[in-house]
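Once you've had a glance at the structure underneath, I'll fire off some questions.
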Amino acid sequence: MRFVIPLVIFAVIAAFLYSGLGRDPTEVPSPLIGKPAPEFTLPTLAAPEQQFSTSQMKGRVWLLNIWATWCAACRVEHPLLVELGRSGRVEIVGLNYKDNDTSAKQWLAELGDPYITTAVDTDGRVGIDWGFYGAPETFVIDKEGVVRLKHIGPVSPEDLATKILPLVDELQETS
Amino acid sequence: MIGRMLLLAGMLLTALPSHGQSVFAEYKFENAEQQSDFKELTAQLRCLVCQNQNIADSNAPLAQDLRREIHQMLTSGQTKHDVIDFMVQRYGEFVLYKPIMSLKTLALWFGPALFFIVGLIAIWRMTRRSAQVSVAEPDRHALAEARRLLDNTDSRDL
């Protein structure tokens, strides 16, 4: 009996600490999940006189990828996005965040362009609405325009295979 | 010696973070209330890029943008409450250094008090037990044995 109480206290503390080990404190759960995607209308990178609006994507499953040329991690995930864009499994919209148009265009010309269109968020105001804080970030938006997933940091092949694509396929099937 | 101490004190004083003031100098307010609201909000909202700094202290570009946003909201007549809602809607409750009281944060709010009370009870029980031990009746046999030994030494020495 003398050992039971300390043992229980130890077990409780150990359980809490153990569960904390696997967590990434830099990943903040997004309050946007399950909520309508913040709407925006912004000029496109390819043709600034044309505008991209989130309302154009109604009825389609799509990804929003927030990126910038000054973001090193964006370069890491880029080849994977190019591959995904080519596969035609899901449409990706790019949001070029607080960047320079010339370097952004150059980046896409050099590394490939996975996006159906790239919207330009020069002052980062749209980024704030999406709760963006760590480049790159990728969102999955369903046909109703609801945010279903937020991925912070570069997308790895594993993230794509286990998290993003299964969800995308599931969402594509629902009408 | 005193001169050197003064020099050190002076160096420490100038090394104190001074950007807190520059943040406020950057912005113009219509009245003192807006300015104090701005000060309060930027101090109690977390910068998500650096996480251990508030929006007032952080030099991260996002913190700069958020300061601009908060300033704009306040000067356009929105309340502190509106600003907090705006931030929580976008970044979640994590941005609040002072968490909202809810079922999920109960442990956070009352955990420390609970631990304190548990600690007090533990100390009280432990001290009561040791007090009981010290006032316990001494063993009668041991007492007799001690007396016998004492008596023996007395007779031998004398």
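The values are calculated or read from the model by the stated rules, or taken from the named source; none is laboratory data. Everything numeric here is computed off the predicted structure, so don't read it as measured data. Note that each Cβ is placed from the backbone with ideal geometry, even for glycine, and that neighbours are counted across all protein chains shown.
Does at least one position in the stretch B:84-97 carry a residue that is within 16 Å of B:Lys39 (Cβ to Cβ) and either modelled with pLDDT under 90 or within 9 Å of chain A (Cβ to nearest Cβ) (or both)?
The answer is yes, given that some residue of the stretch B:84-97 is within 16 Å of B:Lys39 (Cβ to Cβ) and either modelled with pLDDT under 90 or within 9 Å of chain A (Cβ to nearest Cβ) (or both).
Please specify each residue of the stretch A:41-62 satisfying the condition of being among the small types (Gly, Ala, Ser) and in a loop (DSSP other than H, G, I, E, B).
Initially, the stretch A:41-62 is screened for residues among the small types (Gly, Ala, Ser), giving A:46-47, A:53, A:55, A:59.
A:Ala46, A:Ala47, A:Gly59, listed by residue number.
Please indicate, with yes or no, whether at least one residue in the stretch A:159-173 is under 25 Å from A:Leu45 (Cα atoms) and among the small types (Gly, Ala, Ser). Don't jump to the end; show me each part of the working.
So the first thing to find is which residues in the stretch A:159-173 are under 25 Å from A:Leu45 (Cα atoms), and the list is none.
Checking the stretch A:159-173: not a single residue is under 25 Å from A:Leu45 (Cα atoms) and among the small types (Gly, Ala, Ser).
Which ones in the stretch A:13-62 are within 14 Å of chain B (Cβ to nearest Cβ) and under 25 Å from A:Ser103 (Cβ atoms)?
A:Phe40, the sole residue that qualifies.
Which condition number does A:Pro29 fail, the rest of (1) more than 29 Å from the chain's Cα centre (by Cα); (2) surrounded by 10 or more Cβ atoms within 10 Å (Cβ to Cβ) being met?
(1)
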